[in-house]
Amino acid sequence: MKILITGSKGFIGQNMVNALKDEHEISTFDWGNDLPVLRGIDVCIHLGAISSTVENDVEKVMEQNYEFSKWVAEECWRFGVHLQYASSASVYGLGTNFTEDAPVDPRSPYAWSKYLFERYVRKNGHRWEFPVQGFRYFNVYGPREDHKGNQSSPFHKFNKQALETGVIEVFEGSHEFYRDFVPVNKVIEVHRKFFGVKDSGVWNVGTGKARSMLSVAEEVAGKTGAKIKYIPMPFQVARQYQSYTCANLTKLKNTIQYD
C-alpha cells in the first residue's frame, strides 16, 4: 500500500516509519514543508501535531493541530483516502470514566485541539465513504524520544536523569499518580490491524492497566542505582494534571484482536 505519515520526525512518527517502510511504500510530511499530496495514497496516518500539553500559544496549536488536520481530512475525502489520526487520552481531563462515549474534559490547548478535531470528524462523518479512525493514545513510550525534552515519557525522562545526574526527580505525591503506559510498538500494532477495518469512529489505545509514577521511578532507580528526589509540581502542570488514566479497551477488543 501507499501510506502517507504526517509528523514523521516525531517520536511516534519515527517509529511508525521504521516499522512500516519494508512492507509499504511510505511518503512523509512534517510541518514547514510543502503540503503533502494525497492523490494516489491508500492510507494517511496523521500524527503531526504540537504535542506539548503545556504549549499556551493557542493560535499556534489551533493552526497546526486543528486547522491543518481539517485540511488533511478534506483532502482524504477528496481523493478517497483511508484516514487514521492520532487523538489523545488528554481529552478525558480530570474525568475517571475512560470509555469512548464518556463526557470529555479537555484542560489544555492541546487537549482541546484533539477534541475539536474529533468533533469535526463526527459532525462530518456522513460525507466520507471511507474509514476515518481516531485513536486516543494513552501514555506512549519507547525508542526515539530524545527530542521531546520535558514532554518525554517518565521511562525516558527518569532514565536520562539517572544516567546524567544519578538523581531522579518526581513530583510530590507521585505514589498517587497513576498512568496507563503503552509501548509504541503496541500503538503501531493497532494502526496495522486497522488497515483492514472498515468502521469509522474513535478508539482508546492503551494497555488497560495503570501504574504509579513512583513505581516507574523506583524501577529505573533499581536498575541504575540512582536516588529519588521529590519536587513540587509547577502550577502550570498542576492545573491540568490527570491523577489517573486507564484505557477502557472494550471497544478496541471488540474491533480487533488485541492483547
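Computed from the coordinates by the stated procedures, all read-outs in this text should not be read as laboratory data. Please read all numbers here as calculations on a predicted model, not as lab measurements. Heads up, the Cβs are rebuilt from the backbone with ideal geometry, glycines too, and the neighbour counts pull from every protein chain shown.
Could you identify which residue out of Ile41, Ile231, Ile12 has the top mean-square fluctuation in a GNM of the chain using Cα springs shorter than 10 Å?
Ile231
Could you check what % of the DSSP bridge pairs in the stretch 157-256 are antiparallel, to the nearest 5?
Working: 2 of 8 bridges.
The antiparallel proportion sits near 25 percent.
Given the chain, what percent of its DSSP beta bridges are antiparallel, to the nearest 5?
Working: 2 of 35 bridges.
Of those bridges, close to 5 percent are antiparallel.
Here are several values of Rg and Dmax of the Cα atoms in Å: (i) 18.3, 56; (ii) 17.1, 49; (iii) 20.2, 75. Which one was derived from the coordinates shown?
Comparing each candidate, only (i) matches the computed number.
When only C-alpha pairs under 8 Å and at least 6 residues apart count, what is the relative contact order of the chain, in percent? Can you show the working numbers first?
Values: 488 pairs, mean separation 49.2, N = 259.
The value is 19 percent.
Return the single residue from Gln161, Gln64, Gln133 with maximal mean-square fluctuation; model: Gaussian network over the chain, springs between Cα atoms under 10 Å.
In the Gaussian network model the winner is Gln161.
Tell me the label-point distance for the pair Ile256, Glu74, using the 7 Å Cα-to-Cβ offset, in nm and rounded to one decimal.
Going by the 7 Å Cα→Cβ label model, 2.9 nm.
Taking 7 Å along the Cα-to-C-beta vector as the label spot, tell me the Gln151-Tyr230 distance in nanometres, rounded to one decimal.
About 3.0 nm separates the two model spin labels.
Assuming 0.36 nm per residue, please report the length gained on full extension of the stretch Arg39 to Arg211 beyond their Cα-Cα distance.
Details: separation 172, 0.36 × 172 = 61.92 nm, distance 4.34 nm.
Net length gain for the segment: 57.6 nm.
If you average the sequence gap of Cα pairs under 8 Å that are 6 or more apart and divide by the length of the stretch 15-165, what percent do you get for the contact order?
Working: 173 pairs, mean separation 34.8, N = 151.
Once divided by the residue count of the stretch 15-165, the mean separation gives 23 percent.
Under 10 Å, Cα contacts only: if you run a Gaussian network model on the chain, which one of Glu75, Glu55, Glu23 comes out with the highest mean-square fluctuation?
Highest fluctuation of the listed residues: Glu23.
Using alpha carbon centroids, what distance separates the stretch 9-29 and the stretch 141-205, in Å?
Taking the Cα centre of the stretch 141-205 as reference, the centre of the stretch 9-29 is 18 Å away.
Can you give me the convex hull volume of the Cα atoms of the stretch 1-152, divided per residue and expressed in Å³? It would help to have the intermediate numbers written out before the result.
Numbers: hull volume 18.1 nm³, N = 152.
Given the Cα convex hull of the stretch 1-152, per-residue volume reads 119 Å³.
At most 16 other Cβ atoms within 10 Å and a DSSP loop assignment: could you name the GluC sites (Glu not before Pro) in the stretch 106-203 that fit? The partial results should precede the final answer.
Working: sites: Glu118, Glu129, Glu145, Glu164, Glu169, Glu172, Glu176, Glu189; in loops: Glu129, Glu145, Glu172.
Filter output for the stretch 106-203: Glu129, Glu172.
Where nothing but the Cβ of Lys and Arg (+1) and of Asp and Glu (-1) is charged, how large is the charge dipole of the stretch 161-218 around its Cα centre, in debye to the nearest 20? Walk me through the numbers before you get to the answer.
Working: 7 positive and 8 negative charges, 110 e Å.
Dipole size: approximately 520 debye.
Can you pull the Kirkwood radius for the stretch 95-182, inverse mean 1/r over Cα pairs, to one decimal in Å? Please report the intermediate quantities before stating the final value.
On the way: mean 1/r = 0.0619 Å⁻¹.
It works out to 16.2 Å.
What value, in deg cm²/dmol to 500, does the helix sum -39500 (n - 2.57) over DSSP H runs of n ≥ 4 give at 222 nm once divided by the residues of the chain? Display every interim value, and only then the final one.
Working: 9 runs with 87 residues, N = 259.
Helices in the chain give a 222 nm mean residue ellipticity of -9500 deg cm²/dmol.
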